[in-house]
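Heads up, the thing below is written out as structure tokens.
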Amino acid sequence: MKTLDMLGQPCPIPVVKAQEILAEQDAAGVMVLVDNTAAVQNLEKMAKGTGCGFSYVEEGHAYRVRIVKNPEAGRIFTTESPPEPQPDSPPETLPAIGDGAKKGPVVLITSDTMGRGSDELGRMLIKGFIFSLTQLNPLPEAVMFLNGGARLTTAGANTVPDLKALEEKGTGIYTCGTCANYYTLTESLAVGSIVDMMHIVNRLAKASVVLTI
């Protein structure tokens, strides 16, 4: 059984990574290390929703979650019987761009944190949000960064790997040039390209859906 070290990783990253392992035909299950009860609860929901067995052990400030494909192979922490596994749906085939394919949203990120209150929590949330964009179908058409959001595309930011993954799959990653200059970030850009405000306005105007954070 494979072990995933998801300590310090915000949701939904632990759930998505666990699902990827469970999707492997030769995987009997997965052991996931997390450090918060929200992750434990989300993993339990995923396990129950797919007919898997679920159990966990608290170890200090961390949790060792065990998910098995055969519910009888592990203790299930619930009085309800897990639902019957649903047959896998055939993968959706999307038409090519230009042939009526549905386009993803344009995402506008204006800060390096998400929500109001704790900046530390906000940085965890924005990390989880950008990772979640990599799981969208269809993927975002573009992700654009303004003001403090420009920091998320620079060297050392923990959001860069997910942004690079998006870029490799065809999502445009754009950082406002005025913002990069203001924060002296131009030389440290690690993903995407720097654009002017007219480019940003044109992309927003042509987008079928705009998500603003």
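The values are calculated or read from the model by the stated rules, or taken from the named source; none is laboratory data. As the structure is a computational prediction, the values presented were derived from the model and not from experiment. Note that each Cβ is placed from the backbone with ideal geometry, even for glycine, and that neighbours are counted across all protein chains shown.
Let's see how each residue does on (1) within 17 Å of residue 103 (Cα to Cα); (2) assigned to a loop (DSSP other than H, G, I, E, B):
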site: 164; (1), (2): no, no
site: 194; (1), (2): no, no
site: 202; (1), (2): yes, no
site: 208; (1), (2): yes, yes
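Quick check on the range 131-138. Is at least one of its residues closer than 25 Å to residue 16 by Cα, part of a helix (DSSP H, G or I), free of Cβ contacts under 8 Å to residues at least 40 places away in the same chain and not polar (S, T, N, Q)? So far as the range 131-138 goes, yes, one or more of its residues are closer than 25 Å to residue 16 by Cα, part of a helix (DSSP H, G or I), free of Cβ contacts under 8 Å to residues at least 40 places away in the same chain and not polar (S, T, N, Q). A search for C-beta distances below 8 Å between a residue of the range 30-46 that is not assigned by TED's automatic domain parsing to the domain that holds residue 128 and among the acidic types (Asp, Glu) and any residue that is assigned to a helix (DSSP H, G or I) and buried (at least 19 other Cβ atoms within 10 Å of the Cβ), counting only pairs 6+ apart in sequence or on different chains, returns nothing. The set of residues in the range 102-121 that are more than 16 Å from the chain's Cα centre (by Cα) and acidic (Asp, Glu) comprises 119, 120.
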